[in-house]
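S.K.: Please read through the structure below; I'll follow up with questions.
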Amino acid sequence: MQSKVTEIASNVYRISTFHPDFGLQFNQFLLDDDEPFLMHTGMKKMFATTLEGVASVLDPTKLRWIGFSHFESDECGALNDWLKIAPASQAVCSSVGAMVSVNDFADRPARPLADGEVLPTGRHRLRFLATPHVPHCWDAGLFFEETERILLCSDLLYHPGDPEPLTSGDVLARARDAIAQNLSGPLANDMPYTPYTDATLRRLAGLQPKTLALMHGSSYQGDGGAALGGLADVLRESLGGRASS
Ligand SMILES: [Fe+2]
Ligand SMILES: [Fe+2]
């Protein structure tokens, strides 16, 4: 496996590794800033590949922040490898994530962030949004980069395959197909539909992101608010009815 590195916005790099066993891309996002920030560590077993990608942009030992949405292996499985290689680095995640999982799993304690708290990294400002159960897991949260208006949106809008790094095409249609294909099978029910789902997605849409940085699939450049609002509609139609049946 090899990673592909693409600058999707000024000093924001997408490090993408396609894993044939999953038929999915695993994408990390690196903000090259005074305090370099990496979104998602990638899986532990993919660490060497991810490291190579990061090293093509900056000295990995200088990483300062390691962010992720929720406690799953693709989000933070390689966290301890990064903590080891970058001595000043620290995980940054939701307060729930730090308390429930990360501070037990990780070799150094995480910095917990409250909903709406801002993490400045130099030229960039990352606003943390607590999004419980969106895309999934109680501890979920997302980061919104306010300078370039990039939402680091984890599994939201995921789509399979090894598509182009950045598209202005119909990412919602791709996500709709992926959701429809995943209503049954071993990895079904990846996204719960809770009393908070719709309001959380509408709140994210209200940020009006210009870029959506997806963990699995192409990043999207365009009207991010419309794409997220559309996703809220798709989920209500495809999953919302199931909640009451
Ligand atoms: Fe996930
Ligand atoms: Fe994921």
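S.K.: Among THR147, THR49, THR41, which one shows the biggest mean-square fluctuation in a GNM of the chain, springs joining Cα atoms closer than 10 Å?
M.R.: Highest fluctuation among the options: THR147.
S.K.: Where Rh denotes the Kirkwood radius from the mean inverse Cα pair distance, what is Rg over Rh for the chain?
M.R.: Numbers: Rg = 16.6 Å, Rh = 17.7 Å.
Using Cα coordinates only, the ratio equals 0.93.
S.K.: Related question: For the range 118-130, in order, what is each residue's ³J(HN,Hα) by Karplus, 6.51 cos²θ - 1.76 cosθ + 1.60 with θ = phi - 60°, in whole Hz (x at glycine and Pro)?
M.R.: 10, 10, x, 10, x, 6, 9, 10, 10, 8, 8, 10, 6
S.K.: Sticking with this one: Taking the Cα atoms of the range 86-181, report the difference between the largest and smallest coordinate on each principal axis, in whole Å and largest first.
M.R.: 39, 31, 26
S.K.: Based on the Cβ-Cβ distance from ASP107 to GLU237, what FRET efficiency comes out when R0 is 30 Å, to the nearest 0.05?
M.R.: Working: r = 44 Å, r/R0 = 1.45.
Step by step, r from the Cβ atoms, then E = 0.10.
S.K.: Quickly work out the TRP138-to-THR167 label distance, labels modelled 7 Å from Cα along the C-beta direction, and quote it in nm with one decimal.
M.R.: Once both label points are built, they end up 3.6 nm from each other.
S.K.: Note down the Stokes-Einstein diffusion coefficient of the range 125-244 in µm²/s, whole number, using a Kirkwood radius over alpha carbon pairs, 10 °C, and 1.306 mPa s.
M.R.: Details: Rh = 14.3 Å.
For these conditions, the coefficient is 111 µm²/s.
S.K.: Compute the length gained on full extension between SER184 and GLU52: take 0.36 nm times their separation in residues and subtract their Cα-Cα distance, giving the result in nm to one decimal.
M.R.: Details: separation 132, 0.36 × 132 = 47.52 nm, distance 3.57 nm.
Difference between extended and current length: 43.9 nm.
S.K.: Calculate how steeply helix 171-181 sits against the longest principal axis of the alpha-carbon atoms of the chain, using the helix alpha-carbon long axis, and give the answer as 0 to 90 degrees to the nearest 10.
M.R.: 70 degrees
S.K.: Expressed in nm to one decimal, what extension gain is obtained for the pair SER73 and THR6 from 0.36 nm per residue of sequence separation less their Cα-Cα distance? Walk me through the intermediate numbers first.
M.R.: Values: separation 67, 0.36 × 67 = 24.12 nm, distance 2.31 nm.
Working it through step by step, the gained length comes to 21.8 nm.
S.K.: Against the longest principal axis of the chain, how steep is helix 224-235, in degrees 0 to 90 to the nearest 10, with axes from Cα atoms?
M.R.: Computed tilt is about 50 degrees.
S.K.: Using amide H atoms built in the peptide plane, which far-off residues or other-chain residues are under 5 Å from SER94 H to H?
M.R.: LEU113
S.K.: Also: Under a plain spin-label model, where a point goes 7 Å from the Cα along Cα-to-Cβ, how far apart in nm are ASP177 and ARG125?
M.R.: 3.9 nm
S.K.: Share of antiparallel DSSP beta bridges in the range 64-189, in percent to the nearest 5? Show your work: numbers first, answer last.
M.R.: Numbers: 11 of 17 bridges.
DSSP beta bridges in the range 64-189 are roughly 65 percent antiparallel.
S.K.: In addition: Given H placed on each backbone N at 1.01 Å, which residues far from LEU24 in sequence or on other chains put an amide H within less than 5 Å of it?
M.R.: HIS19, GLY161
S.K.: In addition: Restricting the count to DSSP beta bridges whose residues both fall in the chain, what percent are antiparallel, rounded to a multiple of 5?
M.R.: If we restrict to bridges inside the chain, about 70 percent are antiparallel.
S.K.: Among HIS133, HIS19, HIS124, which one shows the biggest mean-square fluctuation in a GNM of the chain, springs joining Cα atoms closer than 10 Å?
M.R.: Largest GNM mean-square fluctuation: HIS19.
S.K.: Using Cα pairs closer than 8 Å and at least 6 residues apart in sequence, work out the relative contact order for the range 105-180, in percent. Write out the running numbers ahead of the final one.
M.R.: Numbers: 91 pairs, mean separation 13.4, N = 76.
Reported as a whole number, the value is 18 percent.
S.K.: Could you list log10 I(q)/I(0) for the range 50-135 at q = 0.17, 0.20, 0.21, 0.24 Å⁻¹, which the Debye formula gives when each Cα is one point scatterer?
M.R.: The Cα Debye sum returns log10 ratios of -0.72, -0.99, -1.07, -1.31.
S.K.: Could you give each residue of the range 200-211 its phi-based ³J(HN,Hα) in whole Hz, using Karplus coefficients 6.51, -1.76, 1.60 with θ = phi - 60°, and x for Gly or Pro?
M.R.: Coupling constants for the range 200-211: 5, 5, 5, 5, 5, 4, x, 6, 6, x, 8, 9 Hz.
S.K.: So, R0 is 25 Å and r is the distance between the beta-carbons of ASP59 and ALA114; what FRET efficiency does that work out to, to 0.05? Can you show the working numbers first?
M.R.: Working: r = 31 Å, r/R0 = 1.23.
Result of the calculation: an efficiency of 0.20.
S.K.: Turning to a different aspect of this structure: If contacts are Cα pairs under 8 angstrom and at least 6 residues apart, what is the relative contact order of the range 64-123 in percent?
M.R.: On the way: 70 pairs, mean separation 19.1, N = 60.
Relative CO of the range 64-123 lands at 32 percent.
S.K.: Could the peptides 184-190, 137-143, 214-220 be put in order, highest first, of the mean number of other beta-carbon atoms found within 10 Å of their residues?
M.R.: 214-220, 137-143, 184-190
S.K.: Once phi is turned into ³J(HN,Hα) by the Karplus curve 6.51 cos²θ - 1.76 cosθ + 1.60 with θ = phi - 60°, what whole-Hz value does each residue of the range 139-152 show in order, with x for glycine and proline?
M.R.: 7, 4, x, 9, 10, 10, 7, 7, 5, 9, 6, 10, 9, 7
Just so you know, all these numbers are worked out from the coordinates, no wet-lab data involved. Bear in mind the structure is a predicted one, so any value in this text is a computation, not a measurement. Positions of Cβ are backbone-derived with ideal geometry, glycine not excepted, and every protein chain shown enters the neighbour counts.
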